[in-house]
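Q: Structure in structure tokens, see below.
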Amino acid sequence: MSRTKPTYRSTRSSNTNENISFESAIMKGLAKDGGLFIPSYIPTISQEQLDKWSKLSFNDLAFEIMSLYISEDDIPSESLKEIIKRSYSTFRSDEVTPLAKNVEKNIHVLELFHGPTYAFKDVALQFVGNLFEYFLNKHNTANPDNVKQLTIVGATSGDTGSAAIYGLRGKENIKVFILYPNGRISKIQEEQMTTIQDKNVQTLSVTGTFDNCQNIVKEIFGDAEFNEKYNLGAVNSINWARILAQITYYFYSYFKISNEQKDAKVKFVVPSGNFGDILAGFFAAKMGMPVEKLVIATNENDILDRFLKSENGEYASSNDVKATLSPAMDILISSNFERLLWFLAYEQLSDKDADKAGSILNNWFKELKTNGKFEAGSSVVKAASTLFDSESVQDLEILQTIGKVYENSENPTKYIIDPHTAVGMKATYNQLEKDGKDAGFQYICLSTAHPAKFADAVNKSLEAFNDYSFEKDVLPEELRKLSSLPKKIKLVSRANLELVKKVIDEEIIAMDQ
Ligand SMILES: *Cc1c(COP(=O)(O)O)cnc(C)c1O
């Protein structure tokens, strides 16, 4: 049976003829015109399929969802099944993303942190690592005289780097370099990255800030010669495969609720930064998952909250990133939001012309680049509001919420959340208050990190409780052990492009020996 599958287009392209395959979209990451890849249409499912899906395991559900977006030419079914199985075998929970039901009455917590690095990015990056490997092998088997290698270069403020490293360690023909600002990430985050001994992985501890690291990475990608020499690849959240992998847990957790309460009215609350996590919820909703609202929970870096509350859909970057207690959500511009804007702009067009939507987006993002903002218009922000709501949460509220959840949780009792999840829980409380207890909503708050990764905020919130102990109640044995393992640290004394390139050159020679 041959089913047609979407092709992939750039959000900024006004030419459907430029559409490419799933494989190309994954291997390229970002489009040449600066846009992000989106599927040419969103597959929808029938009520009958929905009923069937409700009984599936996480892996089987992932397969059903992904096969709607990936053609047999890109990955044959049997290989896709195998990739999924391998990607989630590294998780500590059989359910991959278990739902803690009724942590408080009608509030459920979707635990996304049971992967190797204890943060939600593993759900996507374990899969992406295997995809890269699969597509490289496919190419190299077909072209034995022209073996392709891939060199991943990235900058991290903590979570992405370790998730990428754990997704790519030991993979054939792939080398990984992750830059991080020396002394500016948490101890556990540094240990997670530097205790990896695989030969194909090297972290670079750079004297400087995260922005310095990120700028160097951008410059490296802009260096045509270096890029050509090493075939550079990116793992940041613009890669479509990351969004695709995240769709599964929306359906999976929705079914956990709807299998018990038919016609349950579900709201998802999602701690958001780059908008990758919640965008997967948008795709799930468009595919046919019944959902009342997707609630964007932001910290004090609130570009998304400001957009949704504006009259004319003003999307405006703020001048400075604020450093908050939820650092993985400290962003100026929310890159994946561009994908949502494309679909919103497209839906507003009476002729539903995808090429026109591309040219609208192209103009908006040109304006953003020159003026730091643009207006998407009131009809776009109105359309967004039918599915999305938003809340912004202050640092003080994060601290209070960690304590409140610890005190109020019923199942399990004394439930401990990390500061990112606390942004989500505070947003959930706000929604509950606005909706009223009688509204009958079920709230699923996404938990994006294990509390052990953010010890300072968690301890600050809970140290007043007599029987609380970080060592006993929070720190998993696996993370405790990290501090005694040997570390592979490469210091880079200045945040300087030429210096970083020289170090990468030298390390690649050493890796190939
Ligand atoms: C990356 C991250 C987020 C934000 O997710 P986006 O997809 O960027 O919106 C939230 N919490 C944690 C712990 C993260 O690592």
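The values are calculated or read from the model by the stated rules, or taken from the named source; none is laboratory data. This structure is a prediction, so every number in the text was calculated from the model and none was measured. Cβ sites come from the backbone with ideal geometry, for glycine too, and all protein chains shown count toward neighbours. Side chains included, ligands, DNA and RNA excluded: accessible areas come from the protein's heavy atoms. Shrake-Rupley method; radii C 1.70, N 1.55, O 1.52, S 1.80 Å.
Q: Of LYS267, LYS286, LYS293, which residue is away from the ligand (no atom under 13 Å from the Cβ), at pLDDT 95 or above and open to solvent by less than 20 Å² (accessible area, probe 1.4 Å)?
A: LYS267
Q: Before we move on, is PHE388 within 16 Å of the ligand (Cβ to nearest atom) and among the aromatic types (Phe, Trp, Tyr)?
A: Yes: the conditions hold for PHE388.
Q: Tell me yes or no: at least one residue of the range 329-343 is within 25 Å of SER10 (Cα to Cα) and more than 16 Å from the ligand (Cβ to nearest atom).
A: yes
Q: Now a separate question. Please return the ranges of helices (runs of 4 or more DSSP H) entirely within the range 444-513 where 3 or more residues are among the hydrophobic types (A, V, I, L, M, F, W, C) and over 30 Å from ASN227 (Cβ atoms).
A: 455-462
Q: Which of (1) open to solvent by 30 Å² or more (accessible area, probe 1.4 Å); (2) within 16 Å of the ligand (Cβ to nearest atom) is the odd one out, the single condition ILE303 does not satisfy?
A: For ILE303, the exception is condition (1).
Q: May I pose another question? Take the range 321-360 and flag every residue that is touching a residue at least 12 places away in the same chain (Cβ under 8 Å) and over 22 Å from the mean Cα position of the chain (by Cα).
A: Answer for the range 321-360, where residues must be touching a residue at least 12 places away in the same chain (Cβ under 8 Å) and over 22 Å from the mean Cα position of the chain (by Cα): ALA345, GLU347, GLN348, ALA354, ASP355, LYS356, ALA357, GLY358, SER359, ILE360.
Q: If you don't mind, there's one more thing I want to ask. If TRP53 satisfies every condition in (1) under 21 Å from the mean Cα position of the chain (by Cα); (2) modelled with pLDDT of 95 or more; (3) under 30 Å from ARG92 (Cα atoms) but one, which is the exception?
A: Failed condition: (1).
Q: Can you report the number of residues in the range 8-30 which are in a loop (DSSP other than H, G, I, E, B), in contact with a strand residue (DSSP E or B) (Cβ under 8 Å, 6 or more places away or on another chain) and surrounded by fewer than 18 Cβ atoms within 10 Å (Cβ to Cβ)?
A: Residues that pass the stated criteria total 1.
Q: Got at least one residue in the range 346-355 being within 16 Å of the ligand (Cβ to nearest atom) and either open to solvent by 40 Å² or more (accessible area, probe 1.4 Å) or aromatic (Phe, Trp, Tyr) (or both)?
A: Within the range 346-355, none of the residues are within 16 Å of the ligand (Cβ to nearest atom) and either open to solvent by 40 Å² or more (accessible area, probe 1.4 Å) or aromatic (Phe, Trp, Tyr) (or both).
Q: Please go through (1) without any contact (Cβ under 8 Å) to a residue 60 or more places away in the chain; (2) within 17 Å of ALA245 (Cα to Cα); (3) more than 16 Å from the ligand (Cβ to nearest atom); (4) open to solvent by less than 20 Å² (accessible area, probe 1.4 Å) for VAL176 and return the number of the only condition it doesn't satisfy.
A: (2)
Q: Tell me the residue from LYS453, LYS481, LYS487, LYS460 that is of a type outside the set (Ser, Thr, Tyr) and free of Cβ contacts under 8 Å to residues at least 60 places away in the same chain, please.
A: Answer to the selection: LYS481.
Q: Of all residues in the range 148-162, count the ones that are open to solvent by less than 10 Å² (accessible area, probe 1.4 Å) and assigned to a loop (DSSP other than H, G, I, E, B).
A: The qualifying residues number 2.
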